[in-house]
Amino acid sequence: MHFKSTRDSSVYVTASEAVLKGMPDDGGLFIPEMIPALQISFEDLSRMSYRETAFFVMKKFLDDYTDEELRYCIDSAYDTKFDDPEIAPLHFTDEKTGYLELFHGKTIAFKDMALSILPYLMKCAADKNGVSEKIIILTATSGDTGKAALAGFADVPGTGIIVFYPKDGVSPVQKLQMITEKGKNTLVAGVAGNFDDCQTGVKKLFSDEVLREKILKKGYRFSSANSINVGRLIPQIVYYVYAYGRMIREHRINPGDKINITVPTGNFGNILAAYYAKKMGIPVNKLICASNSNKVLFDFFRTGEYDRKRDFIITSSPSMDILISSNLERLIYHLSGEDCEKTRSLMNELSKQGSYDITEEMRKDLVSFAAFYATEEDTFKKIRTLYEDTGYVIDTHTAVAGSALDQYRKETGDDTPAVIAATASPFKFTGSVISAIRGEKTEEDELSLFDELSRLSGVKIPAAVKDLKSSEIIHKLECTTDEMEGVVLGFLT
Ligand SMILES: *Cc1c(COP(=O)(O)O)cnc(C)c1O
């Protein structure tokens, strides 16, 4: 198995090289040369533990890692850091609806699923490829990636991590989680701008060859922990495969039956992983792409035009407040028949004029997808009604997906058993969740609402947020997008 670039057909690298590099030099994204078939009976699949499933799925993509290396990475990542032995348990709220809880890791959001294994995959890749420089992870975050990446890389020898976040675009808890990070090899900076500004700034640093040479002389090289890294994408395929097995084991479906999968989407990474799980052979009827009011993907799936020229809306699901969904480039590449020229020209249009149109031909392959969006009102209503009907409490991002599934079922009448990716613990967005349940906006400090949320949900306050209030603030740095390079050079002395 090798990896190619979405924009240049001459790129051909091993899995470990792709993990190490993060993205190809041409500005595209790495893509597996083919999507491997599962080649296992669903009965066998349903008997596998999370770690066994992870090995089975990841080995097919990361085939230049030895069995021992891959097992070591998996065992180091998916251990007691997760507060549920299932790693990704399924919670059913009715016969046909299962919430796949992806928030049992260190920072109680789904980014942990991939970011707890990426540092091990990367360190292993560096050793395999004879890399002696220190690997510096450069990350733009809309909230959750930042802390999850910091937690994953903190004090891992041979690595360092720099996180840029939009200083007014993350939740108070998200911000506190990041700026109290203790790892000695970490730097966190708030940027004056939104997430797209941060992401564009980081992309610029990555493609700056002068900067690359400068830091190489100092003994460093950049890599990415953003969701564009295949070392994150591939571990994310695992939980969809696992969820299918769990649906069988719990007699919710028969082996071979189709399911629907609903994913609250921002950068299009998580749902792309579900698309790959389908391509590997998991029987999926529809992949339901759920957006919040920044509904650029909804419009794209409905019209075939991707248009980011619109107002950026700050919502209660900030990790989905995104107008440029980086991972969509991979889907575009597949839709175009793996045509690098075509993909590159569409992506150039996006960066030059802010929009592109795909052809009728390309749209045909979008049949696997459905798209819906939830307004703020829809989101809050979903949290409240689900709580009132079942006692189950979900966060705002998960509620966007829950609302999208409700809308899909209503519009199509298709009530195929569905898995909803539950991407954050309600404790991560306590203020919004309590406001939704009470039916009125609370101005109370989020940190003082944990006890009430714990009482309502019957869930213990997770360790990830319990001690936040008393933690020391370590990272006070703020900058403009123009100052990002200076911040990086200041850290890499
Ligand atoms: C990152 C994130 C998302 C969006 O995932 P993408 O892979 O960017 O589409 C949704 N919900 C939460 C809680 C997240 O942290």
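The values are calculated or read from the model by the stated rules, or taken from the named source; none is laboratory data. This one's a predicted model, so the numbers in the text were calculated from it and none came from an experiment. Ideal geometry is used to build each Cβ from the backbone, glycine not excepted, and the neighbour counts take in all protein chains shown.
Please pick out the residue among LYS342, LYS295, LYS278 that is more than 22 Å from the chain's Cα centre (by Cα) and at pLDDT 95 or above.
Numbers: LYS295 fails: more than 22 Å from the chain's Cα centre (by Cα); LYS278 fails: more than 22 Å from the chain's Cα centre (by Cα).
None of the others qualify; the one that does is LYS342.
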Pick from the stretch 40-66 the residues that are assigned to a loop (DSSP other than H, G, I, E, B) and without any contact (Cβ under 8 Å) to a residue 12 or more places away in the chain: which of them is nearest to the chain's Cα centre (by Cα)?
-> SER49
Subset of the stretch 381-390 [more than 16 Å from the ligand (Cβ to nearest atom), in contact with a helix residue (DSSP H, G or I) (Cβ under 8 Å, 6 or more places away or on another chain) and not hydroxyl-bearing (Ser, Thr, Tyr)] = LYS381, ARG384, LEU386
Can you tell me which of SER227, SER142 is touching a residue at least 40 places away in the same chain (Cβ under 8 Å), touching an Asp or Glu at 6+ places or on another chain (Cβ under 7 Å) and closer than 30 Å to VAL433 by Cβ?
-> SER142
Those residues of the stretch 402-419 which are touching a residue at least 40 places away in the same chain (Cβ under 8 Å), part of a loop (DSSP other than H, G, I, E, B) and either farther than 18 Å from PRO255 by Cα or among the hydrophobic types (A, V, I, L, M, F, W, C) (or both) amount to ASP414
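Being touching a residue at least 40 places away in the same chain (Cβ under 8 Å), part of a loop (DSSP other than H, G, I, E, B), crowded, with 20+ Cβ neighbours inside 10 Å and under 26 Å from the mean Cα position of the chain (by Cα) is the requirement here; does ILE394 meet it?
Working: touching a residue at least 40 places away in the same chain (Cβ under 8 Å): yes; part of a loop (DSSP other than H, G, I, E, B): yes; crowded, with 20+ Cβ neighbours inside 10 Å: yes; under 26 Å from the mean Cα position of the chain (by Cα): yes.
Answer is yes for this residue.
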Those residues of the stretch 391-434 which are more than 13 Å from VAL263 (Cα to Cα) and within 14 Å of the ligand (Cβ to nearest atom), in sequence order | ILE394, ASP395, SER425, PRO426, PHE427, LYS428, PHE429, THR430, SER432, VAL433
How many residues are at pLDDT 95 or above and within 16 Å of the ligand (Cβ to nearest atom) when one looks only at the stretch 435-448?
-> 1
Report yes if LEU297 is within 12 Å of the ligand (Cβ to nearest atom) and in contact with a strand residue (DSSP E or B) (Cβ under 6 Å, 6 or more places away or on another chain), otherwise no.
-> yes
Could you say whether any residue in the stretch 247-268 is touching a helix residue (DSSP H, G or I) at 6+ places or on another chain (Cβ under 7 Å), within 13 Å of the ligand (Cβ to nearest atom) and modelled with pLDDT under 95?
-> yes
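Can you tell me which of TYR78, TYR65, TYR50, TYR120 is among the aromatic types (Phe, Trp, Tyr), modelled with pLDDT under 95 and touching a helix residue (DSSP H, G or I) at 6+ places or on another chain (Cβ under 7 Å)?
Details: TYR78 fails: modelled with pLDDT under 95; TYR65 fails: modelled with pLDDT under 95; TYR50 fails: modelled with pLDDT under 95.
Being among the aromatic types (Phe, Trp, Tyr), modelled with pLDDT under 95 and touching a helix residue (DSSP H, G or I) at 6+ places or on another chain (Cβ under 7 Å) holds for just one of TYR78, TYR65, TYR50, TYR120, which is TYR120.
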The stretch 212-233, subset in a loop (DSSP other than H, G, I, E, B) and within 13 Å of the ligand (Cβ to nearest atom), residue surrounded by the most Cβ atoms within 10 Å (Cβ to Cβ) = ALA225
